[in-house]
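Notes follow the structure.
The values are calculated or read from the model by the stated rules, or taken from the named source; none is laboratory data. Just so it is clear, the model here is predicted, and its values are computed rather than measured. Note that we place each Cβ from the backbone using ideal geometry, even for glycine, and neighbour counts take in every protein chain shown. Just so you know, the surface numbers come from the protein's heavy atoms only, side chains and all, with ligands and any DNA or RNA stripped out. Shrake-Rupley method; radii C 1.70, N 1.55, O 1.52, S 1.80 Å.
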Amino acid sequence: MLFRSGRAVLGMGAGWQVNEHTAYHFDLPAPGERVSRFEEAIRLVRSLLSQQRTTFDGSHFRTDDAPFAPKPVGPLPILVGTGSPRMLRITARHADEWNTWGDPTEVRRRTDLFLAACDAVGRDPGTVRRSAQALVFLTDGESQPDPTLTMPGRSLVGSAERLVELLDEYRAMGVDEFAVPDFTLGATESERADTLAALHEGVLRHFL
């Protein structure tokens, strides 16, 4: 769950991180079963949020005339982060927002898949909010980040001017929001705060 301008956004997914499931003793079935379970879950949650009572008879979940109260004050957007074809079709059919990881080249490739998924289910892609994220490394033009920290296809590396150019590519692709993970911005809270301030001054203010 995240909050945007005082409003909650509900993030849903099929699950994938092994250590988290192990720590809490949650089952982590094979990918095909996880996606089938997720497809039922998002349909069920959508109904609970929008209907006074929900009866649902699936392979993984069942409800009988189930209430869900209190309802959100306004619409509670459902966000799904994914890149696989089947999950993209589910996202196109049921979600309000699609999130994906990657640099502009990777997000462009995934956007083509997302648009194809929307076409396959008859969804206008313009009705789905889009967000993206990548590891961000602000450099001074001389020093470079530790190569063990950067991930090919998922990192933005460069000066403030170069980062502005890269973020403009996302905007041109129709991305509405870009998330900046903070764990690559510094080893300490103070370092991360300084880097965020520099990003805001040199990069982010161009998009406000």
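Annotations
- With protein chains left intact and a 1.4 Å probe, residues in the chain average 59 Å² of accessible area per residue.
- Length released on extending from GLU40 to ARG53, taking residue separation times 0.36 nm less the Cα-Cα span: 3.0 nm
- Shown is the FRET efficiency for VAL180 and ALA8, computed with R0 = 22 Å from the Cβ-Cβ distance and rounded to the nearest 0.05: 0.60.
- Here the stretch 61-178 is described by how far its Cα atoms reach on the three principal axes: 63, 32, 25 Å, from widest to narrowest.
- Loop trypsin sites (Lys or Arg not before Pro), the stretch 135-208, which have at most 15 other Cβ atoms in a 10 Å radius of their Cβ (DSSP): ARG154
- Distance in nm between pseudo-label sites at HIS25 and ASP119 (7 Å out along the Cβ direction from Cα): 4.9 nm
- Summed side-chain charge close to ARG34 - residues other than ARG34 whose Cβ falls under 13 Å, Lys, Arg +1, Asp, Glu -1: -2
- Applying a DSSP loop filter and a limit of 13 other Cβ atoms within 10 Å to the chymotrypsin sites (Phe, Trp or Tyr not before Pro) in the stretch 18-65 leaves TYR24, PHE26, PHE61.
- Taking the accessible area of the chain, probe 1.4 Å, and keeping the other protein chains in place, the carbon and sulfur fraction comes to 53%.
- Taking θ as phi - 60° and the Karplus parameters 6.51, -1.76 and 1.60, the scalar couplings of the stretch 107-121 work out to 5, 5, 5, 5, 5, 4, 5, 5, 4, 5, 5, 4, 4, 5, 9 Hz in sequence order, x denoting glycine and proline.
- Share, in percent, of DSSP beta bridges within the chain that are antiparallel, nearest 5: 30 percent
- For the pair the stretch 1-68 / the stretch 82-156, the C-alpha centres are spaced 22 Å from each other.
- Relative to the longest principal axis of the Cα atoms of the chain, the long axis of helix 189-202 lies at roughly 80 degrees.
- Among the trypsin sites (Lys or Arg not before Pro) in the stretch 41-143, none is located in a DSSP loop while being surrounded by at most 10 other Cβ atoms within 10 Å of its own Cβ.
- Computed magnitude of the charge dipole of the stretch 82-208 (debye, nearest 20; Cβ of K, R +1, Cβ of D, E -1): 800 debye
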